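See below for the structure under consideration.
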Amino acid sequence: MILEMDLFKQNISSLISVTDTEMDQILHAFNIREIRKGGTLIKENTFCNHYYFLEKGLLRMVYHFKDIAVTPWVIFEGLFFTEIVSMKSKKRTNVSVEAMEPSTVYAIDENSLNALCDKVKSFERYLRLTWEETLYGFVEIKVLGPYRSAKERYEMLINDKALLQRVPQKYLASILGITPYSLSRLRRPKKI
């Protein structure tokens, strides 16, 4: 069954050229998952063998370590993603992915994705381009971020209005690696 998949189709068409037949093959390869607010897409301590595209909603990655849960990343509409550490290592994940809003996700398992890439060669290019964009954003915040001041990291985020409006302050602070109190100080208007 081909659903609307409007954002997914737009995303694909903006990055690669495909025929109508190829687009149908791509869309048919994915399954839909509806996740209620507070629901879980990927559970901690499970194996991840799917790739996902977020059509609608907002998700957060939660890293679990001992008794601590940290939000290192949020996933917005239009992102193709997975829990890559579990996927490639074939080990159980320390990460969960939870819905911060009711969400619609398209899922494809690793074997089906490989078969799809064999059928629609240009889809491999789509994957490369989407992974490059995701990796770029992650490196900017997580890899290079610690070498920037909290203020510089915050200023990078304020360019993304959707992030500031939709993500609670405690999660923004976690993404930035600072306390919610420090984030509220950064957000305060400067006195003249």
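Name the long-range amide H neighbours of Val18: under 5 Å, sequence gap of 5 or more, or other chain; modelled H, no Pro or chain starts.
So Val18 has HN proximity to no qualifying residue.
Amide H neighbours of Ile75 under 5 Å, counting only residues 5+ apart in sequence or on other chains, H built in-plane at 1.01 Å?
Those lying under 5 Å, H to H, from Ile75 are Leu59, Arg60, Met61.
In whole Hz and in residue order, list the ³J(HN,Hα) couplings for the range 55-69 that follow from phi through the Karplus curve 6.51 cos²θ - 1.76 cosθ + 1.60, θ = phi - 60°; x for Gly and Pro.
7, 8, x, 8, 10, 10, 7, 10, 8, 9, 9, 6, 9, 10, 10
If I compute Cα extents along the principal axes in Å from the structure I just sent, which labelled value in (1) 60, 38, 30; (2) 42, 39, 29; (3) 61, 48, 37 lines up?
(1)
Taking θ as phi - 60°, what are the ³J(HN,Hα) couplings along the range 104-119 by the Karplus curve (6.51, -1.76, 1.60), each to the nearest whole Hz, with x for Gly and Pro?
Working through the residues one at a time gives 10, 10, 9, 10, 8, 6, 4, 5, 5, 5, 4, 5, 4, 5, 5, 7 Hz.
Can you give the relative contact order of the chain as a percent, counting alpha carbon pairs under 8 Å and 6+ residues apart?
Dividing the mean separation by the residue count of the chain yields 23 percent.
Can you give me the angle between helix 122-138 and the longest principal axis of the chain, using Cα atoms only, in degrees from 0 to 90, rounded to the nearest 10?
Relative to the chain, helix 122-138 is tipped by roughly 10 degrees.
Taking amide H atoms as placed 1.01 Å from N in the peptide plane, list the residues 5 or more away in sequence, or in a different chain, whose amide H sits under 5 Å from that of Ile42.
Here Val97 satisfy the definition.
Compute the long axis of helix 6-15 from its Cα atoms, compare it with the longest principal axis of the Cα atoms of the chain, and write down the angle in degrees, 0 to 90, nearest 10.
Approximately 90 degrees, to the nearest 10.
No lab work stands behind these numbers, since they all come straight from the coordinates. Since this is a predicted model, take the numbers as computed values, not measurements.
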